[in-house]
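These notes concern the structure reproduced below.
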Amino acid sequence: MGHPVNWFQISGSNGKSLQDFYKKIFAWKMSPSPDGSMMMVAREEGGIDGGINKSMDGQSGVTFYVGVADIDAHLKKIAKAGGTTAMPKMELAAGMGFIAGFRDPAGNWIGLWQPGKAPAPKKAAKAAPKATPPAKAKAAPKTTPAAKVKAAPKTTPAAKVKSAPKKAAKRSRR
């Protein structure tokens, strides 16, 4: 993996005046960082992202950050080569990764940036199972639709019933 310079930072005792200065001379587009600590400079064609802020120690400076896959491993490599850790690894807001800083043998402050984990793709939210209101009782088992119910045995229609002998019918009237 290469190690590109992927961020610059300009800081001083008055961050706001620096931001105004760079907007005027270069017309840089800026927006607040997620944590509000600086104004982030939008990348322009052929350039890199950056930031302008009030320095933490009141000192002015220009820093660039180099992308690495593992800050901890690089800080060890820097120490073996004669550099020193100037700022331990710290996590950035909003999942933007991690930064650290070191001083080279000449005392220059250089930043390291390690990308954060890419957010997992958003899945469609699963609908929560519908809760049965406590007042509702269990539904009765389904019954067979009327069209499919076996018909009761057919009875002989009244018109076909043999009538009693007429004599008997007359007797009952008396």
Checklist line | Under-5 Å amide H pairs with W7, H placed in peptide plane, nonlocal only | finding: Y65
Item checked: Accessible area per residue in Å² at 1.4 Å probe, computed on the stretch 26-120 -> 62 Å²
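In what sequence, highest mean first, do 32-38, 66-72 appear when ranked by Cβ atoms within 10 angstrom? It would help to have the intermediate numbers written out before the result.
On the way: 32-38: 12.9, 66-72: 15.7.
The most tightly packed comes first, giving 66-72, 32-38.
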Notebook entry, point to check: Per-residue HN-Hα couplings for the stretch 19-27, Karplus 6.51 cos²θ - 1.76 cosθ + 1.60 at θ = phi - 60°, whole Hz, x for Gly and Pro?
Noted result: 4, 4, 4, 6, 5, 5, 7, 10, 6
Check: Given 0.36 nm per residue, what is the gain on full extension from K29 to V62 after removing their alpha carbon distance, in nm?
Finding: 10.0 nm
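The values are calculated or read from the model by the stated rules, or taken from the named source; none is laboratory data. None of these values were measured; they are calculated from a predicted model. Glycine gets a Cβ as well: all are built from the backbone with ideal geometry, and neighbour counts include every protein chain shown. Side chains included, ligands, DNA and RNA excluded: accessible areas come from the protein's heavy atoms. Shrake-Rupley method; radii C 1.70, N 1.55, O 1.52, S 1.80 Å.
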